[in-house]
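To keep things clear, I will list the structure first and then write my remarks on it.
The values are calculated or read from the model by the stated rules, or taken from the named source; none is laboratory data. Source: prediction; values computed, not measured. Using ideal geometry, Cβ is built from the backbone for each residue, glycine included, and neighbour counts are taken over all protein chains shown. Just the protein is used for accessible areas: all its heavy atoms, side chains included, with ligands, DNA and RNA removed. Shrake-Rupley method; radii C 1.70, N 1.55, O 1.52, S 1.80 Å.
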Amino acid sequence: MAAFSTIHSSNHQPGGLRLGRTFAATLLERYSMRKVAMAALALVATGAGLSVFISHYWQLWLLWGVLVGLGTGAMALVFGSVVANRWFSKRRGLVMGLFSGANAAGQLIFLPSIVAIIENGSWRIVALVVTAFALLIIPFLR
């Protein structure tokens, strides 16, 4: 699996992430937020969990670019703006700012932890940790 170390980060986003964000607001209006969040977390868990079996590049694009991308796209800032608009009549800007700050704080906490796990273990362990977190959150949404 050393071939995957040649993949470099770039500014473009996977198609699933863009697609997930595009339809997230429509899905949130049509279905309940709980259902959309549960489906999104299930997509993230499926994509991340199955990624431990990746052996070809196309599998990486399918699992992370499409499944995880759709799941995370559906839970992106569109989700936060819908929550802010539905639940807060005053101070929506403050609520969106808090959501954005919480997003950044979460990345500040979790991304270094993920890098440490990869450096000391394996990227597969991280994929399983992401899977576990996504699956653990789903029951709290019912």
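Tabulated values for the structure
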{"item": "Residue match in region 69-85 (condition: more than 20 Å from Leu141 (Cα to Cα), modelled with pLDDT of 85 or more, part of a helix (DSSP H, G or I) and open to solvent by less than 60 Å² (accessible area, probe 1.4 Å))", "result": "yes"}
{"item": "Among (1) open to solvent by 40 Å² or more (accessible area, probe 1.4 Å); (2) more than 20 Å from Val130 (Cα to Cα); (3) in a helix (DSSP H, G or I), the one test that Ser89 misses", "result": "(3)"}
{"item": "Candidates Ser113, Ser55, Ser51 - the one that is more than 22 Å from Arg142 (Cα to Cα) and outside any helix (DSSP H, G or I)", "result": "Ser55"}
{"item": "Cβ pairs under 8 Å, 6+ apart, first in region 32-45 and more than 20 Å from Trp61 (Cα to Cα), second aromatic (Phe, Trp, Tyr)", "result": "Met33/Phe79; Val36/Phe79; Ala37/Phe79"}
